[in-house]
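To start, the structure under review is shown below, and the notes come after it.
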Amino acid sequence: MYQAKVSMVMTCYNKVKNIGEMLESVLAQEWNNIELILVNDGSTDGTRDVIASYAPKFIERGFEVVIIDQENAGVCAAAKAGFERVTGEILCSVDCDDELDPQYVSTLAGWLEEHSEYDIAACEGINYTGSGERKQYQQFTPVEIVEGDPYILERWLFNDYRAEPWRYMVRTEYFRKCRIVETYYTQTKGSHEPSYIIPMFSYGGKLKYFPLPLYHCNVNGTSHSRHRYVWQIKDHFNEYVRLCKIAIEALPDEIADLEKKQKLINTAAIAYAFGIYFLSDKLTNGLMYHPSIRGTLSFHAGCGAYAAFGEFLNIVNISLSINPPIKQYRTVGQEWLFFEMIKNCLTAPAYRVVGCGALGKVASNHLPILKGTPLEPTELWDEVGDGIAIKKPDYASLTHNDIAIVFPAPKSEIAQDILEKLKGTGCGIIMSNELHSFENHYLTFPELIKIGRPNK
């Protein structure tokens, strides 16, 4: 039975202790047509010897093996070198110190092979520590990728979706359409995620999501989530934003015009500025009295959690042109609420807010309060409306991008009748008794109303 060739690019640098387990997991794949492209990025610890010892095993398994040796230039340069050698119909990029579930390739590539209208297949990952019999897996909690989400890139920038390239298997034809190899930025030893993910999402490829932990992430080593010092967190995220900006600016104008590019750059800056605050706060509150780092937090350098949130707020004010700027004292104790509101403003699709049952007492009490907020109805519906100011209901026109506010009391017959008609529309539904919390959130920061309400 024919199987599409899957080109698996694996960058390798000084992972002699772990690469064997990854290579074993590649051998154990249920898919039989794999081109393994191993890029040895100047390893000095014996990693290259392990690669050489496994090459005959892959050939015996029926896999193609390509080994590229280069001087150490970083993961970006190594990944690009691997992508340039791809000959398969489908490709993926994996790390040499993790491991694959036996069905990693067969699930993702199998879907792409059978569904030509899809360009990308995505899975979940699960973290583990230890190795061999001492390997311990952490709790698995999938974070669903909404297929067809027009704001998938913005949500990725906000870290709603895992960032790593290994999660996504891509049709090679689409990968080339995205000009990923041509625009891959290699003048850094930082992450190659922005150069891979940003164009992949920007070209609008159709994605299939599998909520399965098909990739196993080795978290024994270090990462930005385990930095000991606030300045390390700042350096990591600042470099990440720089790489995002480079990848965004490399997009052709027909894919993203100047306004779109600026919005994406602002989104990245805002998202990772909050990441600096979050990890700074976590480090400060969780470890500042730990004996191994006592006295090392450099608040005098303006890197403490409070200062980090101040920097985040400054980026928000400048990027979103909030004038007068929001002062930090107003956000104290509401940092997460403020961040979530900003995120919603930048990832909200164009929508209608329809007030259903608009001629009753409950509606007349709420409508004045909602005026000027993101939940102010764009249309008012009522069966006894005049058809002009108060329209006759058109439930069939509602989509998942719309919000319906049901004004009549939730247990009333009118409300129940409206809810029955809303079934199957896919729209968001808010009952009148739920409005209080929504109103308070937005009225706390009325400056966000103008960016929080698209296409009114």
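Which residues, taken from region 92-119, are of a type in the set (Gly, Ala, Ser) and not in a strand (DSSP E or B)?
Result: Ser106, Ala109, Gly110, Ser116.
Take the residues in region 338-371 that are part of a loop (DSSP other than H, G, I, E, B) and either among the charged types (D, E, K, R) or modelled with pLDDT of 90 or more (or both), then tell me which one is farthest from Ile418 (Cα to Cα).
The extreme case among them is Lys371.
How about region 114-137: which of its residues are farther than 19 Å from Asn218 by Cα and surrounded by fewer than 19 Cβ atoms within 10 Å (Cβ to Cβ)?
Correct list: Glu114, His115, Ser116, Glu117, Tyr118.
Can you give me the number of residues within region 375-431 that are out of contact with any Cys (no Cβ under 7 Å at 6 or more places or on another chain), within 21 Å of Asp149 (Cα to Cα) and touching a residue at least 24 places away in the same chain (Cβ under 8 Å)?
6
Among the residues that make up region 211-221, is at least one of them touching an Asp or Glu at 6+ places or on another chain (Cβ under 9 Å), under 14 Å from Ala122 (Cα atoms) and surrounded by fewer than 15 Cβ atoms within 10 Å (Cβ to Cβ)?
The answer is yes; a qualifying residue exists.
Of all residues being among the charged types (D, E, K, R) and surrounded by fewer than 14 Cβ atoms within 10 Å (Cβ to Cβ) in region 387-416, which is farthest from the chain's Cα centre (by Cα)? Just the residue, please.
Among residues in region 387-416 that are among the charged types (D, E, K, R) and surrounded by fewer than 14 Cβ atoms within 10 Å (Cβ to Cβ), the one farthest from the chain's Cα centre (by Cα) is Glu413.
Could you grab me the full set of residues in region 27-49 that are surrounded by fewer than 22 Cβ atoms within 10 Å (Cβ to Cβ) and in a helix (DSSP H, G or I)?
Once the filter is applied, which keeps residues that are surrounded by fewer than 22 Cβ atoms within 10 Å (Cβ to Cβ) and in a helix (DSSP H, G or I), region 27-49 yields Leu27, Arg48, Asp49.
Taking the residues in region 314-337 that are touching a Phe, Trp or Tyr at 6+ places or on another chain (Cβ under 8 Å) and not in a loop (DSSP other than H, G, I, E, B) as candidates, determine which candidate is nearest to Phe278 (Cα to Cα).
Glu335
Please name all residue pairs, on different chains or six or more residues apart, with Cβ atoms under 7 Å, provided the first residue is in region 177-195 and is closer than 16 Å to Met10 by Cα and the second residue is surrounded by fewer than 16 Cβ atoms within 10 Å (Cβ to Cβ).
Within 7 Å, the pairs are Val181/Glu84; Glu193/Ala163.
For region 74-88, give me each residue that is surrounded by fewer than 18 Cβ atoms within 10 Å (Cβ to Cβ) and in contact with a strand residue (DSSP E or B) (Cβ under 7 Å, 6 or more places away or on another chain).
Passing the criteria: Arg85, Thr87.
The values are calculated or read from the model by the stated rules, or taken from the named source; none is laboratory data. None of the values given here were measured: they were computed from a predicted structure. Note: ideal-geometry Cβ built from the backbone for every residue, glycine included; neighbour counts use all protein chains shown.
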